[in-house]
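The values are calculated or read from the model by the stated rules, or taken from the named source; none is laboratory data. No experiment lies behind these values; they were computed from the predicted model shown. Cβ coordinates were reconstructed from backbone atoms using ideal geometry, including for glycine residues, and neighbour counts include every protein chain displayed. Accessible surface is based on the protein model in full, side chains and every heavy atom, while ligands, DNA and RNA are left aside. Shrake-Rupley method; radii C 1.70, N 1.55, O 1.52, S 1.80 Å.
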Amino acid sequence: MNTHPMVKAQGVHKSFGAAHILKGIDLEVAPREVFCLIGPSGSGKSTFLRCINHLEQINAGRLYVDGELVGYRQKGDKLYELKAGEVALKRRDIGMVFQRFNLFPHMTAIENVMEAPVQVKGEAKAVARARAERLLDRVGLAGKAKNYPSQLSGGQQQRVAIARALAMEPKLMLFDEPTSALDPELVGDVLDVMRGLAEDGMTMIVVTHEMGFAREVGDALVFMDDGVVVESGHPRDVLTNPQHDRTKSFLSKVL
Ligand code: ADP
Ligand code: MG
């Protein structure tokens, strides 16, 4: 039985040069939880996701994914930075979906979904193709397997991007404003796919401005501002009864 959190941050700090961006983040994400992260632009949400996904190295504190330190190996009291190959292995377990879909433009939808299992894991193409077909079906795009990204709407491209992340069978999915770049009428289909993933028990951290999604699907919600966690709790409680002025002010702008 898995008893440790899927993600645990203890006093996480991150600076870029003199710019202190994350100023001591403490939080825990339980397995199978949908953990929503909200906050103003520039508050450090993307930076935090990038630290979890080994794209940035933290400067102080401890960050764990599935019980293991991110970026370091601990021996006694000492920390050793992981080598590139070790980082690459750990990153396989984390799926990330960005605001911009970042599909490979010269590959069809199904080729995009097959790419990482074949290239990174060395999986047989037939196996990768069968899984990619299942995943495209799951995101409602079974009929678009042979389309190139340019032949798909933004919402369809984002659903391919989700399928592509799922193809590596991650234990954790990170979503960084996955619907912010979409025309409003395309947002619902993407959120429905995410809702389905949540129902299947995927552990997800979702940075979003979709408060309806956070309220209906989220198990936990954190409001971040200026590199600190200002307030956290059950989404219904935080959204309907925020305790801090900064949370109230932010919510009055987005709700
Ligand atoms: P959010 O996702 O909440 O909008 P970000 O994490 O993207 O916030 O950015 C937080 C702050 O960190 C911003 O001021 C941004 O300019 C700065 N920042 C992010 N990445 C870098 C970087 N690689 N180098 C320097 N500054 C950065
Ligand atoms: Mg961001």
Next item on the list: Please build a GNM for the chain, connecting alpha carbons under 10 Å apart, and tell me which residue among Gly76, Gly85, Gly44 fluctuates the most.
Entry: Gly76
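Highest mean first, what order results for 136-146, 94-104, 11-21 on Cβ atoms within 10 Å? Let's see the in-between values first.
Details: 136-146: 17.4, 94-104: 19.1, 11-21: 14.1.
Averaged packing, sorted descending, gives the order 94-104, 136-146, 11-21.
Stretch Val127-His13 to full length: gain in nm at 0.36 nm per residue minus the Cα-Cα span? Provide the component values of the computation, followed by the final result.
Details: separation 114, 0.36 × 114 = 41.04 nm, distance 4.14 nm.
Full extension of this stretch gives 36.9 nm more.
Within a Cβ distance under 14 Å of Phe104, other residues only, what is the Lys/Arg minus Asp/Glu net charge?
On the way: positive: Arg100, Arg164; negative: Glu111, Glu115.
Here the charged neighbours net out to 0.
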Margin query: Skipping prolines and chain starts, which residues have an amide H placed within reach, meaning under 5 Å, of the one on Arg32, given they are 5 or more residues away or on another chain?
Written below: Thr203
Margin query: Is the C-alpha gyration tensor of segment 104-169 telling us rounded, prolate or oblate? Criteria: a/c under 1.5 is rounded; beyond that, a/b larger than b/c is prolate, otherwise oblate.
Written below: prolate
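Over segment 104-169, what relative contact order in percent results from Cα pairs under 8 Å that are six or more residues apart?
Working: 74 pairs, mean separation 31.4, N = 66.
It rounds to 48 percent for segment 104-169.
By DSSP, what percent of the beta bridges with both residues in the chain are antiparallel, rounded to the nearest 5? Write out the running numbers ahead of the final one.
Working: 24 of 40 bridges.
Percent antiparallel among DSSP bridges in the chain is about 60.
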Next item on the list: Read phi for every residue in segment 228-237 and hand back ³J(HN,Hα) as whole Hz from Karplus 6.51 cos²θ - 1.76 cosθ + 1.60, θ = phi - 60°, with x for Gly and Pro.
Entry: 10, 7, 7, 7, 8, x, 5, x, 4, 5
Margin query: Is the C-alpha gyration tensor of the chain telling us rounded, prolate or oblate? Criteria: a/c under 1.5 is rounded; beyond that, a/b larger than b/c is prolate, otherwise oblate.
Written below: oblate
Item checked: Glu169 versus Asp245: modelled label distance in nm, points set 7 Å from Cα along the beta carbon direction -> 5.2
Next item on the list: With a probe of 1.4 Å, find how much accessible area segment 104-169 has per residue, and write the answer as a whole number in Å².
Entry: 48
Note to self: Sequence gap at least 6, Cα distance under 8 Å: using those rules, report the relative contact order of the chain to the nearest whole percent.
What the structure shows: 26
Margin query: Please compute the Kirkwood hydrodynamic radius of segment 156-207 from all pairs of different C-alpha atoms, in Å with one decimal.
Written below: 11.3
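How large is the helix-only mean residue ellipticity at 222 nm for the chain, computed as the sum of -39500 (n - 2.57) over DSSP H runs with n ≥ 4, divided by its residue count, in deg cm²/dmol to the nearest 500? Don't skip to the end; give the middle numbers.
Working: 9 runs with 93 residues, N = 255.
Estimated from H runs of four or more residues: -11000 deg cm²/dmol.
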Next item on the list: Enumerate the aspartates and glutamates that Lys23 could reach by cross-link, defined here as Cα to Cα under 14 Å, with residues fewer than 8 away along the same chain left out.
Entry: Asp225, Asp226
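What translational diffusion coefficient, to the nearest whole µm²/s, does segment 174-255 have by Stokes-Einstein, given a Kirkwood radius computed over alpha-carbon pairs, a temperature of 37 °C and 0.692 mPa s viscosity?
Working: Rh = 13.4 Å.
Translational D for this selection: 244 µm²/s.
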Notebook entry, point to check: What ³J(HN,Hα) values, in whole Hz, does the Karplus curve 6.51 cos²θ - 1.76 cosθ + 1.60 give for segment 72-87 when θ = phi - 60°, with x put for Gly and Pro?
Noted result: 9, 10, 9, 10, x, 8, 9, 10, 10, 5, 5, 7, 3, x, 5, 5
Margin query: Report, to one decimal in Å, the Kirkwood hydrodynamic radius for segment 1-104 based on all distinct Cα pairs.
Written below: 14.8
Item checked: Gain upon complete extension [Arg100, Ala30; 0.36 nm per residue less C-alpha separation] -> 22.5 nm
